[in-house]
Amino acid sequence: MRPYGLPRAARSRCSRRSQEGEAHNMSSDQQYPYGQQQQPYPEQQPYQQQYQDPYQQPVYDSGSTQTWEAETWDTQYQPVVQHAQPVQAPAPDAQYLPPQAAYPLPPEAPARSPEPAAAYEPPAAADGYGVPTTVGNARITDAQRARAEGRSPIIPPGTQPAGLTAALGMLFAVCVAIGPYALLLPLVLLQALTAAGWFRLNGMWPARQGIALAFAGGLAADVVLLSVGREHAPAAIIGTLGVWVLLTLVLQLRSHAGADERMYGLMATVASAALAILATGHLAAADEAVVIGGISVAVTVLARALPLQGAASVVLTLLAAAGAGIAGGGLTGIGAEGALLGLAAGVCALVGLRVASYDYPSRFVHMTAGVALPLTAAAPAVYLIGRALV
């Protein structure tokens, strides 16, 4: 049956167009089977969705990025991870508020103000003795510091070392009456105290090698003197001293210490060895001279330890030494001439006490050098004046 009003050519064209439309609809249904429609291209999106508010906070992907909101480097405070939220326009009054999802900084410890450095005060020692070694400023000694502060660097040994010196002097006088070999006992003790006390008096401690070398020099002088006899005493004493000076020089040249330290060690060792060897003069002197010298030194140190001041103490000490010489001369048969020997021994003992009192010595110095130096310093006077009197 023909449709009315359309010719056959028109009907054929309408039929083809309808078939092409159905084919196009079938291909669209196959491409989007669930009724999904193809999204428009970006240029076709409305203008409202492309515009972003400049004051709006950006939203980050919570699955791939974490943000640090807290202004701190402390790893103990972890920030809170924000999950993606729907975009909301901020209120007009809250656009400039800081983020609210961060922890505050930990409280800081209050800064302590630096305390002023306390002035240096040397540590106090028992029995009124100062520190024997240099403390504080390493470039000045205790004696220089004492002078700068208006104090005296001289400290006398006191009564206890004086009593020990008196006992040792009387032991000399007793042992010499027994024989020369009996005199070796107090003499060796005197040489040991001299060697140790001189090194400590010079601030060199520990100095075992130097002390042993000086003490060995004294023992060598004793052995040589006993071997050759008293008539060759000067050669034995001077020869031993020369050998020990040469030996000390060779040993110091082999030292790996600095130049200044080697010089100090050389001078201290030579002086200590010389004093220990000179103490052998008691063994070389006449028996009567040793008795007078021992008694005079004992009386001198005891008189010097009395609580007297200035020149009065020195005058009284020398008078006591002369009187002890007279008393010793009466015991030995020399008579009043023993006053000269006693006076000379007293002067040497005062010199030894003065040396042992210098440069803030410690108690160890007083119990070694303070005991030995009065008798050691008196040895040359006992030998020389004793030879002249006897």
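The values are calculated or read from the model by the stated rules, or taken from the named source; none is laboratory data. It should be emphasised that the depicted structure is a prediction, and the values quoted were computed from it without experimental measurement. Every residue, glycine as well, gets a Cβ built from its backbone with ideal geometry; the counts of neighbours run over all protein chains shown. All accessible areas refer to the heavy atoms of the entire protein, side chains included, with ligands and DNA or RNA removed. Shrake-Rupley method; radii C 1.70, N 1.55, O 1.52, S 1.80 Å.
For segment 284-390, how big is the tail of P(r) above 21 Å, as a whole percent of Cα pairs? Percentage above 21 Å: 31.
Protein heavy-atom accessible surface, 1.4 Å probe, per residue over segment 264-325: 34 Å². Measuring nothing but how far apart in sequence close Cα pairs (under 8 Å, 6+ apart) lie, relative to its length, segment 278-380 scores a relative contact order of 32 percent. Our analysis of segment 274-322 gives Rg over Rh at 1.10, with the two radii drawn from alpha carbon positions and Rh computed by the Kirkwood formula. Here the simple spin-label model places points 7 Å from the Cα toward Cβ, and for residue 259 and residue 226 these points are separated by 4.5 nm.
Counting every C-alpha pair in segment 182-334, the share spaced more than 22 angstrom apart comes to 53%. A 1.4 Å probe, protein heavy atoms only, puts the accessible area of residue 215 near 60 Å². Decide, for segment 144-229, between rounded, prolate and oblate: order the square roots of the alpha carbon gyration tensor eigenvalues as a ≥ b ≥ c, take rounded if a/c falls under 1.5, and otherwise choose prolate if a/b is larger than b/c, else oblate. Because a/c hits 1.5 or more and a/b fails to exceed b/c, segment 144-229 counts as oblate.
Accessible area of residue 304 (1.4 Å probe, protein heavy atoms only, ligands and nucleic acids ignored): about 90 Å². Charged side chains reduced to their Cβ positions (Lys and Arg at +1, Asp and Glu at -1) give segment 228-307 a dipole of some 160 debye around its Cα centre. Taking the three principal axes of the alpha carbon atoms in segment 328-390, the coordinate ranges are 41, 19, 13 Å, sorted in descending order.
Suppose every K and R has +1 on its Cβ and every D and E has -1 on its Cβ; what is the size of the dipole of segment 257-355 about the Cα centre, in Debye to the nearest 20?
That gives segment 257-355 a dipole magnitude of about 220 debye.
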